[in-house]
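Just below is one structure, and these are the notes that go with it.
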Amino acid sequence: MTPSHERAARDKQDAIARADTHIPTVAAAGNRTRTSRARTIAYAAPGETTDTGAPTGSSAAEGDPAPESEVSHRRRYAPLAAAFGVLAALLVHASTRRDRELAPGPVAVVEGALATFFLARTIAREKIGAVVREPFVEPAPGADPADAHGELWQPTGTGLRHATGELLTCTRCLGPWAAAAVTAANLYAPRQGRTITRVLALGGANTLLQAGFALVTKLESRR
């Protein structure tokens, strides 16, 4: 072999050696790049976006689902729905077994409606109902914590506690529960239940009359 051929062979071997050492270097650099990008996703603050457009936060880096998915949002109401279903079933069973029926007359319907309205509003809005709401609510932003009025409070906590707080601050949501309580009182203790229903109905009528009086006074003051 001539000197020129030997030199060419050595140059070729050197080139192969350099290529072999360069491949791990490139692979390691790629691994470092991927690791760096993963760290960027993992430590990005909530609400920020990364250069990949992926969601930020540790849950996005680990591939976990969102903290409050639609399924978990619905599941926190399941215990309340189940409890109301059981309550309704007990009322139906009691009315069937004991052969007791509520008076179907219009007076009884109006009294029951007013009693349900007043009971639900008292629990959800009045200061006297704060003792029931307090474990499940907190002051709304900008509200005075010393004011126990229901409109200035919002649900707190998570899961069932938060769902209960939403129930106890919503007069319409409490309506079926209040109606079930009035119905149970009339089923299990008809005489006492009618008295309680009438008292609550008068309270509801008073609330409506007071609201009407306030509206009339406001309209007259604008003249």
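No value in this document is a laboratory result; all are computed from the given coordinates. No experiment lies behind these values; they were computed from the predicted model shown. Heads up, the Cβs are rebuilt from the backbone with ideal geometry, glycines too, and the neighbour counts pull from every protein chain shown.
Quick look at the numbers
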quantity: Residue count for segment 164-223, restricted to those that are surrounded by 19 or more Cβ atoms within 10 Å (Cβ to Cβ) and among the basic types (Lys, Arg); calculated: 0
quantity: Unique match (being out of contact with any Gly (no Cβ under 9 Å at 6 or more places or on another chain), on the phi < 0 side of the Ramachandran plot and of a type outside the set (D, E, K, R)) among TRP153, TRP177; calculated: TRP177
